[in-house]
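Please read the structure below before turning to the comments.
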Amino acid sequence: MITTFTNARLINPETGTDEIGSLTIDGGVITALNGSEAGQVIDCGGKCLAPGIVDLGVKIGEPGERHKESFRTAGAAAAAGGVTTMVIRPDTTPAVDTPETLEFVTRRAGRTAPVNVHSMAALTKGREGREMVEVGFLRDAGAVAFTDCDHVVENPKTFARAMTYAKSLGALVIAHPQDPTLSKGAAVTSGKFASLRGLPAVSPMAERMGLERDMALVEMTGVAYHADSLSTATALPVLARAKDAGLDVTAGVNIHHLTLNELDVGDYRTFFKLKPPLRSEDDRLAMVAAVADGLIDVISSMHTPQDEESKRLPFEEAASGAVALETLLPAAMRLVHAELIDLPTLWRAMSANPARRLGLPGGRLAEGAPADLVLFDPDAPFVLDRFALQSKSKNTPFDGARMEGRVLGTWVAGTRVHG
């Protein structure tokens, strides 16, 4: 069915524009920008219409931890949060390291999730860092990238071999830069706050050291590489040098590291325990500036559901991670309202860049692009109630927080899946 969105504030990350206009969709694709009205007309009332968010790095509990999150609940949370494409992680039980497991995941997602789902595969078998997976077979089965997630491949020879093989097949390698020895057992970032709280801590230098090693291996192998969750100012010059040298390197940041800092841990609040841990306010502002100037390419939710039992533990024993599919957009609006970043730049990092890096068709407002869209009010205020979230797990650091930015409607291939 033909649908025309009128009186919409079109947020276009490709052109960098934010202006009132209209958009027409038909047959699951965008057919016109600012054309004549046709078919069903939706008056957007001056609210923002943007490409659906492409969220790189979503954790789903299937297989193995369905009690934490299923494709059905994650899909509902994504639709409610304006996320039209979830790129899911392979850190499941068992890991997604064979074509059979990948096909199971793909089949489950296709049956129950109302949004697009693409899966990454593990880089090494069992994410154990010893033996690489069958990259070619997994690519044929639909894997869009290869990563061991937060399990750092400690042996550089093993990592280099996997990178070389991935390079030969044109596969993207995603890594979590961190020196594994320094970061082992750490719960917070080192400094006065960590000392006062008596918590095991890691220096920000561990991230820089991990990235330095990875950039040397990228230079050696020529592989396409993405750092999934940078969080410290000290790592940014390493990334800038790699890009200036022409290496095929991109980097992402977690929304929580753009909007929260180490002091939010407060009195050992485990919903604020993340990996990497929350950093200083100076680091947070440096990461925001890096997104604004394009050094950091991608903003993601790093949606990591954890059940109550794994969070209701002493801080250093509690599981890391937070749910964020539904809070990604309103949390990002904090950066807009603070005038640290504008909407087209924000959508470049949350939609256009991740789609481009993974070779996916979304993330654009252009004729012929998929009609994956989010309509939202950037100024609508609300108080977040974690029990109202669609996710099975409710581990959000924003519980009870005053937020702005509400999704009014989400469309996937022209079909309305929320609102």
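All of the numbers you see were taken from the coordinates with simple rules; none came from a lab. Note that the structure is a prediction, hence the values are computed from the model and not measured. Cβ: placed from backbone, ideal geometry, glycine included. Neighbour counts: every protein chain shown.
Dipole of the chain, Cα-centred, from +1 at each Lys and Arg C-beta and -1 at each Asp and Glu C-beta, to the nearest 20 debye?
Magnitude of the dipole: close to 620 debye.
Under 5 Å between amide H atoms, partner at least 5 residues away or on a different chain: which partners does A369 have, H built in plane at 1.01 Å?
I30
Once the dipole of segment 278-412 is set up with Lys and Arg at +1 and Asp and Glu at -1 on Cβ about the Cα centre, which of A371, H303, F398 lies farthest towards its positive end?
A371
Of D97, D283, D399, D179, how do they rank once you tally other Cβ atoms within 10 Å and put the fewest first?
D399, D179, D283, D97
Bin width 10 Å, origin at 0, all Cα-Cα pairs of segment 210-324: what percent of pairs per bin?
14, 41, 30, 14, 2
Quick one: putting +1 on the C-beta of Lys and Arg, -1 on the C-beta of Asp and Glu, what dipole do you get for segment 349-419 around its Cα centre, in Debye to the nearest 20?
280 debye
With θ taken as phi - 60° and the coefficients 6.51, -1.76 and 1.60, list the Karplus ³J(HN,Hα) couplings across segment 412-419 in order, rounded to whole Hz; mark glycine and proline as x.
10, 6, x, 9, 6, 10, 7, x
Quick one: angle between helix 205-221 and the longest Cα principal axis of the chain, in degrees between 0 and 90, rounded to 10, please.
Once rounded, the angle reads 80 degrees.
What relative contact order, as a whole-number percentage, does the chain give when Cα pairs under 8 Å and 6 or more residues apart are counted?
In percent, rounded to a whole number, it is 20.
Which aspartates and glutamates, if any, have their Cα less than 16 Å from the Cα of K392, not counting same-chain residues under 8 positions apart?
Hits, sequence-local ones excluded: E62, E65, E69, D307, E308, E309, E326.
Once phi is turned into θ = phi - 60°, what whole-Hz ³J(HN,Hα) does the Karplus curve with 6.51, -1.76 and 1.60 give for every residue of segment 322-335, x standing for Gly and Pro?
Residue by residue, segment 322-335 yields 8, 6, 7, 4, 8, 9, 4, 5, x, 5, 5, 5, 4, 5 Hz.
Going by a ≥ b ≥ c, the root eigenvalues of the Cα gyration tensor, does segment 113-192 fall in the rounded group (a/c under 1.5), the prolate group (a/b larger than b/c) or the oblate group?
Here segment 113-192 falls in the oblate category.
Once phi is turned into θ = phi - 60°, what whole-Hz ³J(HN,Hα) does the Karplus curve with 6.51, -1.76 and 1.60 give for every residue of segment 123-138, x standing for Gly and Pro?
Karplus values, whole Hz, x for Gly and Pro: 8, 10, 4, x, 6, 9, x, 10, 10, 6, 7, 7, 4, x, 5, 5.
Sequence gap at least 6, Cα distance under 8 Å: using those rules, report the relative contact order of segment 16-139 to the nearest whole percent.
It comes to 20 percent, rounded to a whole number.
Below 8 Å, C-alpha to C-alpha, sequence gap of six or more: please give me the relative contact order for segment 263-366 in percent.
28 percent.
How about segment 108-205: which GluC sites (Glu not before Pro) there are in a DSSP loop, with at most 10 other Cβ atoms within 10 Å of their Cβ?
Loop-located and lightly packed - none at all.
Among M302, M1, which comes first, second and so on when ranked by fewest other beta-carbon atoms within 10 Å?
By the 10 Å Cβ count, ascending, the order reads M1, M302.
Under the rule of at least 5 residues apart or a separate chain, name every residue whose amide H is placed under 5 Å from the amide H of H418.
Excluding prolines and chain starts, which carry no amide H, the hits are T410.
Any of K167/K243; K184/K394; K157/K243; K157/K184; K157/K394 with alpha carbons more than 28 Å apart? Name them for me.
Table pairs above 28 Å Cα-Cα are K157/K394.
When ranked by the protection proxy of mean other Cβ atoms within 10 Å per residue, highest first, what sequence do the peptides 248-254, 311-317, 115-121, 22-28 form?
With the highest mean Cβ count within 10 Å placed first, the list reads 115-121, 248-254, 22-28, 311-317.
Treating each Cα of the chain as an identical point scatterer and ignoring solvent, apply the Debye formula and state log10 I(q)/I(0) at q = 0.14 Å⁻¹.
Once normalised to I(0) and log-transformed, intensities are -1.30.
Nearest 10 degrees, 0 to 90: what angle lies between the long axis of helix 71-80 and the longest principal axis of the chain (Cα atoms)?
Tilt relative to the chain: about 60 degrees.
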